[in-house]
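**Student:** Following this message is one structure expressed as structure tokens.
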Amino acid sequence: MKQGKGRRVALGMMLLVALWLALWGDKTPPGAAAVRAAGTAIATSMSPAARKDAPQPPAATLRIERVRTRDALIADHSAGPAVDLFTARSWAPPPPPVAVTPAFEVEAAPPLPFQVLGKKREGDRWEIYLARDGQTFIVHEGSSIDETYKVGRIAPPTLSIVYVPLGLTQTLDIGDFE
């Protein structure tokens, strides 16, 4: 218990010293203290004979600016460009950049117009039932549809169809083995 009491007394004494320094401590402005410290440093580092011959630092000068009127202050700022702080702004994103079209276009086959109705394994080959615009087609490997499409390979889950005018192969999902 004695250690705690001694610690409290020491802390109380430090608090009183801090209060005394805050109330009655040195109140000189920071700039004046720096000028005085520079002058005392030169004086204390030299012998008395050398101090007489040493150059004296220039005396600190205090410059007081002239107080200007409010109209003069406002006139200074009105010379620059005026900025309207309350202009309307659009928060919409900028339009997307215009896509540059290539000099040549790659020909592509149109999307497949067929809908798969079903499939059936007939011996060792597949029969696929396709529909387009109300017509039903039963196709096998190598068969043609309207001279425009030719069935390439049937390997569930895909059916390869060749678009004859361009010779491009497209695939159609027909489902897994069932």
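The values are calculated or read from the model by the stated rules, or taken from the named source; none is laboratory data. Note that this is a predicted model, so its numbers are computed, not measured. A quick note on method: Cβ atoms are made from the backbone with ideal geometry, for glycine too, and the neighbour counts reach across all protein chains shown.
**Student:** State which residue is nearest to ALA109 (Cα to Cα) when the search covers only the stretch 119-144 and only residues that are under 54 Å from the mean Cα position of the chain (by Cα) and surrounded by 11 or more Cβ atoms within 10 Å (Cβ to Cβ).
**Tutor:** Going through the qualifying residues, I end up with ARG132.
**Student:** Would you please list the contacts, defined by Cβ atoms under 9 Å and residues six or more apart or on different chains, that run from a residue in the stretch 87-114 that is closer than 30 Å to TYR129 by Cα to a residue that is exposed (fewer than 10 other Cβ atoms within 10 Å of the Cβ) and acidic (Asp, Glu)?
**Tutor:** Here the result reads PRO113/ASP133, each pair linking the stretch 87-114 to a residue that is exposed (fewer than 10 other Cβ atoms within 10 Å of the Cβ) and acidic (Asp, Glu).
**Student:** Can you tell me which residues in the stretch 15-28 are at pLDDT 90 or above and more than 52 Å from the chain's Cα centre (by Cα)?
**Tutor:** LEU16, VAL17, TRP20
**Student:** Under 8 Å between Cβ atoms, which residue pairs at least 6 apart in sequence (or on different chains) link something in the stretch 141-162 that is on the phi > 0 side of the Ramachandran plot with a partner that is surrounded by 14 or more Cβ atoms within 10 Å (Cβ to Cβ)?
**Tutor:** Final answer for the pair search is GLY142/LYS150; GLY142/VAL151; GLU147/VAL164.
**Student:** Give ALA131, ALA108 a once-over and let me know the one that is more than 15 Å from LEU172 (Cα to Cα) and aliphatic (A, V, I, L, M).
**Tutor:** Residue meeting the stated conditions: ALA108.
**Student:** Can you tell me which of GLN115, GLN135 is in contact with a strand residue (DSSP E or B) (Cβ under 7 Å, 6 or more places away or on another chain) and polar (S, T, N, Q)?
**Tutor:** Values: GLN135 fails: in contact with a strand residue (DSSP E or B) (Cβ under 7 Å, 6 or more places away or on another chain).
Within the list GLN115, GLN135, the selection yields GLN115.
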